[in-house]
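A.B. asks: I'd like to ask you about the structure that follows.
The values are calculated or read from the model by the stated rules, or taken from the named source; none is laboratory data. Treat the numbers as computed from the prediction; the structure is a model and nothing was measured. With ideal geometry, Cβ positions are generated from the backbone for all residues, glycine too; neighbour counts draw on all protein chains shown. Areas reflect the complete protein model, heavy atoms only, side chains present, ligands, DNA and RNA absent. Shrake-Rupley method; radii C 1.70, N 1.55, O 1.52, S 1.80 Å.
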Amino acid sequence: MKSTARRQSYGAKGAPYAFLVPATVLFALFFALPIGYALWLSFRKVRVSGLGLGSGARREVWAGLENYTDALSDSELLHGALRVLGYGCIVVPVMLGLALLFALMLDSEKVRLAPVTRLAIFLPYAVPGVVAALLWGFLYLPDVSPFYFVLDRLGMPQPDLLDGGPLYLALSNIAVWGGTGFNMIVIYTSLQAIPAEVYEAAKLDGATPLQIALRIKIPMVAPSLVLTFFFSIIATLQVYNEPTTLKPLTNSVSTTWSPLMKVYRDAFGEGDIYGAAAQAVIIAFATLLLSFGFLRAANRRQKQEAAR
């Protein structure tokens, strides 16, 4: 009896760890191992002896920080980062602003057909990024776009959205169209969690719907806004699908338009997997630094406001 009870006790204690095994194995194989391999490659390079012909002419050797210094001094990587910065300055505030506006509108008592409207706003998020970029890409082409046909019939100017400055607006529009719905759902869920008694007390004090939105709803969903901003920063720094998909449609998008596009070109176009690995590590480190720096600043501000 004691041995049976002991086995049952061990089984009960070990059950949680058994459930963790599949997730741990998948995490190790498809996340931790690739990261470790990329770090290893970033400190290696190929040394070519003579003409590079014959066995032993090309050897993988230790490179130290050489790949990192080359990446940090690469003007193409820097220019790509600046382009992504400009892209993010458009995408993040517009997307989060629209998400907050839609969430507040759906949370209003006067809204009609809220489930249908909520689904319509969220639906673009379900469209894969490549498909969305292709759809919008053809809408940007003057020869096939119905918008350009209408503008031509009305005798209005037809801007080229795939060249120069408007290209940033075209790319940003795709990201905003696809990401607003997800952020709206996150904020709307937070609004639904606010107790109704808070609104009733505000109404008894004579607060208008606008005052309730500005002074009660927005401050109380601040954690959700921080979370969506955090996700938006990560998505912006990792932009790849939109410019890559639009590249065949315009000459304004180069193979190094974004840092991730340059990593792909160097690794699979030029065969420099070692330099590309160093660039990928730098991008990952920059993403973590910016994201956690923002989270730390946001948490510090919340603690200061709570102390008041």
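A.B. asks: For Thr208, state whether it is farther than 24 Å from Leu295 by Cα and surrounded by fewer than 16 Cβ atoms within 10 Å (Cβ to Cβ).
C.D. replies: Yes, satisfied.
A.B. asks: Does at least one position in region 213-222 carry a residue that is surrounded by fewer than 18 Cβ atoms within 10 Å (Cβ to Cβ), within 23 Å of the chain's Cα centre (by Cα) and not β-branched (Val, Ile, Thr)?
C.D. replies: So far as region 213-222 goes, yes, one or more of its residues are surrounded by fewer than 18 Cβ atoms within 10 Å (Cβ to Cβ), within 23 Å of the chain's Cα centre (by Cα) and not β-branched (Val, Ile, Thr).
A.B. asks: Moving on. Can you tell me which residue within region 109-130, out of those that are touching a residue at least 12 places away in the same chain (Cβ under 8 Å) and open to solvent by less than 50 Å² (accessible area, probe 1.4 Å), is nearest to Leu214 (Cα to Cα)?
C.D. replies: Ile121
A.B. asks: If you don't mind, there's one more thing I want to ask. Across region 131-148, what is the total count of residues that are modelled with pLDDT under 90 and open to solvent by less than 80 Å² (accessible area, probe 1.4 Å)?
C.D. replies: Looking only at that region, the number is 5.
Each row is one residue, and each column tells you yes or no for (1) touching a residue at least 24 places away in the same chain (Cβ under 8 Å); (2) under 28 Å from Val131 (Cα atoms).
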{"position": "Glu200", "(1), (2)": "no, no"}
{"position": "Lys217", "(1), (2)": "yes, no"}
{"position": "Pro248", "(1), (2)": "no, yes"}
{"position": "Thr256", "(1), (2)": "yes, yes"}
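A.B. asks: Another question, if that's okay. Check every one of the helices (runs of 4 or more DSSP H) wholly within region 184-291 and list those with 1 or more residues that are assigned by the TED database to the domain that holds Leu77, more than 16 Å from Leu78 (Cα to Cα) and among the charged types (D, E, K, R).
C.D. replies: 196-204, 241-246
A.B. asks: Counting only residues that are surrounded by fewer than 18 Cβ atoms within 10 Å (Cβ to Cβ) and touching a residue at least 60 places away in the same chain (Cβ under 8 Å), how many does region 149-173 have?
C.D. replies: 4
A.B. asks: Give me a count of the residues in region 174-185 that are free of Cβ contacts under 8 Å to residues at least 60 places away in the same chain and surrounded by fewer than 22 Cβ atoms within 10 Å (Cβ to Cβ).
C.D. replies: 1
A.B. asks: Of the residues that sit in region 223-253 and are open to solvent by less than 50 Å² (accessible area, probe 1.4 Å) and small (Gly, Ala, Ser), which one is nearest to Leu169 (Cα to Cα)?
C.D. replies: Ser252
This table checks each residue for (1) at negative phi; (2) in contact with a strand residue (DSSP E or B) (Cβ under 6 Å, 6 or more places away or on another chain); (3) at pLDDT 95 or above.
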{"position": "Leu53", "(1), (2), (3)": "yes, no, no"}
{"position": "Gly56", "(1), (2), (3)": "no, no, no"}
{"position": "Arg59", "(1), (2), (3)": "yes, yes, no"}
{"position": "Trp62", "(1), (2), (3)": "yes, no, no"}
{"position": "Leu65", "(1), (2), (3)": "yes, no, no"}
{"position": "Leu72", "(1), (2), (3)": "yes, no, no"}
{"position": "Leu77", "(1), (2), (3)": "yes, no, no"}
{"position": "Val91", "(1), (2), (3)": "yes, no, yes"}
{"position": "Leu106", "(1), (2), (3)": "yes, no, no"}
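A.B. asks: Next question. Residues in region 144-153: is at least one of a type in the set (Val, Ile, Thr) and part of a helix (DSSP H, G or I)?
C.D. replies: yes
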